[in-house]
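Heads up, the thing below is written out as structure tokens.
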Amino acid sequence: MADRGLTGVLLLGGASRRFGSPKALARLGAETLAERAWAVLGEACDERLAVGKAEDALPLPFAVLDDGSAARHPAAGIVAGLRAAAHDVCVVLPVDCPLVTAATLRALGEACADAAWPEDGGPLPGAYGRSTLPALARALERETGIRAELAGMDVRLVPVDPAELADADTPADLAAIRARASG
């Protein structure tokens with residue numbers, strides 16, 4: 001890929017069913033999860049995009065791009081982000097992963113051939129090149145896993161501290177993250 005700039009994509013499209021309220025507005029210290037993720041993407045990337053569902057509009061301090069899909073699947077946000085990005089590589093951060101660092105996002109972006117994600121984690125957070133658009137569009141259409149659709153591509157695994165990958169799927173998860181962050 002000729003362009004080595006990095007676009008950060010913040011995923012806001014989850015339904016937050018297990019959480020009970022919009023995760024993006026939950027607080028960790030003085031910030032919402034959305035503000036925290038937006039800031040870390042700003043530290044790591046040359047460009048930032050927030051992607052979500054227009055019908056889920058939240059009071060956020062930045063614009064949110066509608067992913068244009070009825071599906072509640074991470075691939076919807078990744079596809080929309082890749083299509084809108086100014087750069088060939090996007091690092092994708094779900095709003096509910098508040099401990100991921102800018103250094104980790106940069107490492108994922110630097111490792112990305114077709115894709116890169118944490119060796120002990122899933123495909124999110126992760127980095128995706130434009131070359132993955134057809135496979136990710138298939139994942140969205142078929143509602144299959146991202147890993148399955150990217151089989152055979154050059155996916156690189158990056159060592160990441162597992163503590164950074166903690167996600168706040170429930171209020172109890174967020175409480176555990178708060179305890180970890182303060183202790």
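Quick notes on this one:
- Using the rule -39500 (n - 2.57) for each DSSP H run of four or more residues, divided by the residues of the chain, the 222 nm mean residue ellipticity is -9500 deg cm²/dmol.
- Descending semi-axes in Å of segment 59-164, equivalent ellipsoid built from Cα gyration tensor: 20, 18, 13
- Cα centroid separation, segment 1-72 to segment 79-98 (Å): 9 Å
- Nearest 10 degrees, 0 to 90: helix 171-182 Cα axis against the chain principal axis: 90 degrees
- Residue-normalised accessible area of segment 64-161, given per residue in Å² at a 1.4 Å probe: 40 Å²
- Full extension of the chain segment joining residue 130 with residue 113 gains 5.1 nm, where the gain is 0.36 nm per residue of separation less the Cα-Cα distance.
- Rough spin-label spacing in nm, given labels placed 7 Å along Cα→Cβ, for residue 86 and residue 178: 3.7 nm
- Inverse of mean 1/r across different Cα pairs in the chain, Kirkwood, Å: 16.1 Å
- Å³ per residue enclosed by the Cα convex hull of segment 1-84: 101 Å³
- With 5 Å bins from 0: P(r) over segment 108-156, alpha-carbon pairs, percent: 5, 24, 34, 26, 9, 2
- In order along segment 29-37, phi translates into HN-Hα couplings of x, 7, 10, 7, 4, 5, 4, 5, 5 Hz, rounded to whole numbers, per the Karplus curve 6.51 cos²θ - 1.76 cosθ + 1.60 with θ = phi - 60° and x for Gly and Pro.
- With 0.36 nm allotted per residue and the present C-alpha distance subtracted, the residue 57-residue 120 stretch has 19.4 nm of extension available.
- Near residue 48, the amide H atoms lying under 5 Å from its own belong to 8; only residues 5 or more places off or on other chains count, and H is placed 1.01 Å from N.
- Within the accessible surface of segment 1-145, defined with a 1.4 Å probe on protein heavy atoms only, the carbon and sulfur portion equals 50 percent.
- For a modelled paramagnetic label at residue 157, 7 Å from Cα along Cα-to-Cβ, the residues of segment 88-107 in reach, with backbone nitrogen under 19 Å, are 104-105, 107.
- DSSP beta bridges in the chain [antiparallel fraction, %, rounded to 5]: 30 percent
The values are calculated or read from the model by the stated rules, or taken from the named source; none is laboratory data. Predicted, not measured: the structure shown is a model, and the values here were computed from it. Cβ: placed from backbone, ideal geometry, glycine included. Neighbour counts: every protein chain shown. With ligands, DNA and RNA removed, areas are computed over all heavy atoms of the protein, side chains included. Shrake-Rupley method; radii C 1.70, N 1.55, O 1.52, S 1.80 Å.
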